[in-house]
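Here's the structure, in structure tokens; my notes come after.
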Amino acid sequence: MKTIAVIFYSVTGTTKSIAHAICEGVQSVEGVSVNLLRINGKDIINGRYNSQVVLESISRADAVIFGSPTYMGSVSAQFKAFADASSEIWSIGGWTNKIAAGFTVGSCYAGDQEVTMQYFQTLANQHGMLWAGIDMRGIKRDNIPNLMGAQSGVIAKSEGTEIHQEDLITAQYLGRRVAHLLIG
Ligand SMILES: Cc1cc2nc3c(=O)[nH]c(=O)nc-3n(C[C@H](O)[C@H](O)[C@H](O)COP(=O)(O)O)c2cc1C
């Protein structure tokens, strides 16, 4: 059995909705399980993220999907604290060669969500991970609506605390895609 870790931060629940949709996509593929992990602000003490349980769960997974709302044009500070805490794992190559993917939510159409995705890709590169994007060649290919048209991962636009159905479908697709990459 292969395992995918989905690690995310969310306050008002929209990024959480995308995380759940990704999990549904993974669970639709036989032979792959998903471990949903949430970054908890209480685990950040004096600016340092310190949940070894979460970091070790990711180290055991075969693929990792990173998620954060876009805050001021990048990942949230809480996600960055988690990423910084992975530096000890980086030093021993603990996440090297795992498949990586990402998702983010912003309330604006052009709210710099791509910068958040680029940060996830940089984090994956730092760890020697292998990035999987959306693989979308036509707007309606495989009925993936991909509302915002991003190729790097799921970029969703929130409407208050709501998420568009199209973004949830795109998120399910990303979960299925990463799961299929694992089982070949
Ligand atoms: C501090 C802060 C900064 C934000 N910065 C951006 C931004 O740069 N671009 C954007 O599109 N939305 C921005 N937003 C909106 C959030 O990304 C949006 O509300 C998102 O849906 C929140 O995710 P959550 O429901 O998972 O907490 C910001 C919100 C907050 C609270």
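What follows is calculated from the coordinates using simple rules that are stated; it is not laboratory data. Remember, predicted model here, so these are calculated numbers, not experimental data. Cβ: placed from backbone, ideal geometry, glycine included. Neighbour counts: every protein chain shown.
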*How large is the dipole of the chain about the Cα centre if only Lys and Arg carry +1 and Asp and Glu carry -1, each at its Cβ, rounded to the nearest 20 debye?*
160 debye
_Positive-end residue of Ile58, Ile7, Ala110, charge dipole of the range 2-183 with Cβ unit charges_ = Ile58
*the chain - percent relative contact order, Cα under 8 Å, separation 6 or more*: 28 percent
*Rounding to the nearest 20 debye, state how big the charge dipole of the range 75-167 is about its Cα centre with +1 on each Lys and Arg Cβ and -1 on each Asp and Glu Cβ.*
260 debye
*asked:* Quick check: pseudo-label points 7 Å beyond the Cα along Cα→Cβ at Asp84 and Asp135, how many nm apart are they?
replied: 3.6 nm
